[in-house]
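**Student:** First, the structure itself, so that you have it in front of you.
The values are calculated or read from the model by the stated rules, or taken from the named source; none is laboratory data. Note that the structure is predicted; figures quoted are calculated from it, not measured. Reconstructed Cβ throughout: ideal geometry from the backbone, glycine too, with neighbour counts over all protein chains shown.
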Amino acid sequence: MDYPRYLDDLDPEYAAIVAPLLEHADVRGMDGFRHHDRTALTHSLAVSTRAWALARRLGLDAASVARGALLHDFFLYDWRDGRNPHHPTGHARVALDNARARFSLNPVEEDIIVAHMWPIGKPFYSYRESALVSLVDKLVSTKEVTVLFARGLAAFAWSLASRLAAALG
Ligand SMILES: [Fe+2]
Ligand SMILES: [Fe+2]
């Protein structure tokens with residue numbers, strides 16, 4: 001199966017863990033949903049690779065962290081179209097249902113997915129691995145949203161400056 005180029009750079013040990021997930025068409029289909037400044041797939045890969053590396057250093061269950069984190073936003077819809085008003089609190093449960101329907105998950109992986117939105121969403125973490133992924137998700141998401149905001153601000157400033165320049169002749 002041909003992977004997009006950004007998958008080629010994955011650590012081989014990490015890639016071996018998540019390969020069975022990435023081979024699934026619906027996981028790769030996350031690349032079709034925009035999420036922050038990127039797609040749901042590239043966001044999930046960013047969270048998963050960082051959380052996996054940290055979990056190894058901390059002596060946690062790194063394989064479950066890699067798999068659970070890759071599926072934490074496996075909700076498979078475009079949240080910007082307004083058809084899912086409960087997205088902030090509900091998408092973790094949708095992601096878990098989608099993941100369960102397609103893969104065999106262990107309890108740590110399931111908890112990573114369903115608890116990743118705490119404290120906005122429930123439940124609270126049952127494992128340290130879930131707390132780690134949730135924290136990394138928040139850090140990565142903050143960076144992505146900041147990039148998006150900065151891009152918008154730059155575009156606005158550019159259009160304002162262009163109009164001003166045109167008005168001033
Ligand atoms: Fe999420
Ligand atoms: Fe996320």
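**Student:** For the list (1) modelled with pLDDT of 95 or more; (2) in contact with a Phe, Trp or Tyr (Cβ under 9 Å, 6 or more places away or on another chain); (3) farther than 18 Å from residue 101 by Cβ, I need the number of the one condition that residue 39 fails.
**Tutor:** It is condition (1) that residue 39 fails.
**Student:** Return yes or no: is residue 87 within 12 Å of ligand 1 (Cβ to nearest atom), under 18 Å from residue 41 (Cβ atoms), surrounded by 21 or more Cβ atoms within 10 Å (Cβ to Cβ) and not aliphatic (A, V, I, L, M)?
**Tutor:** no
**Student:** Are there any pairs with C-beta distances below 6 angstrom linking a residue in segment 33-49 that is free of Cβ contacts under 8 Å to residues at least 40 places away in the same chain and of a type in the set (Gly, Ala, Ser) to a residue that is near ligand 2 (Cβ under 9 Å from one of its atoms) and part of a loop (DSSP other than H, G, I, E, B), with the two at least 6 apart or on different chains, and if so which?
**Tutor:** Going by the 6 Å Cβ cut-off, the qualifying pairs are 40/73; 44/73.
**Student:** Taking the condition of being more than 13 Å from ligand 2 (Cβ to nearest atom) and either within 19 Å of residue 33 (Cβ to Cβ) or in contact (Cβ under 8 Å) with a residue 60 or more places away in the chain (or both), how many residues in segment 59-93 meet it?
**Tutor:** Counting residues in segment 59-93 that are more than 13 Å from ligand 2 (Cβ to nearest atom) and either within 19 Å of residue 33 (Cβ to Cβ) or in contact (Cβ under 8 Å) with a residue 60 or more places away in the chain (or both) gives 17.
**Student:** Something else: All but one of (1) modelled with pLDDT of 95 or more; (2) farther than 28 Å from residue 149 by Cβ; (3) part of a helix (DSSP H, G or I) hold for residue 44; which doesn't?
**Tutor:** That leaves (2) as the condition not met.
**Student:** Within segment 114-167, how many residues turn out to be among the aliphatic types (A, V, I, L, M), in contact with a helix residue (DSSP H, G or I) (Cβ under 7 Å, 6 or more places away or on another chain) and in a helix (DSSP H, G or I)?
**Tutor:** Adding up the residues that qualify gives 5.
**Student:** Of all residues in segment 55-112, which are of a type in the set (Gly, Ala, Ser) and outside any helix (DSSP H, G or I)?
**Tutor:** Hits for segment 55-112 are 59, 82, 104.
**Student:** Could you tell me how many of the residues in segment 82-101 are more than 16 Å from residue 68 (Cβ to Cβ) and among the small types (Gly, Ala, Ser)?
**Tutor:** Residues meeting the conditions: 2.
**Student:** Return only the number of the condition from (1) within 16 Å of ligand 1 (Cβ to nearest atom); (2) surrounded by fewer than 11 Cβ atoms within 10 Å (Cβ to Cβ) that residue 164 does not satisfy.
**Tutor:** Status for residue 164: all satisfied but (1).
**Student:** I'm checking my understanding of the structure. Among residues of segment 52-65 that are closer than 13 Å to residue 18 by Cα and not β-branched (Val, Ile, Thr), which one is surrounded by the most Cβ atoms within 10 Å (Cβ to Cβ)?
**Tutor:** Selected residue: 52.
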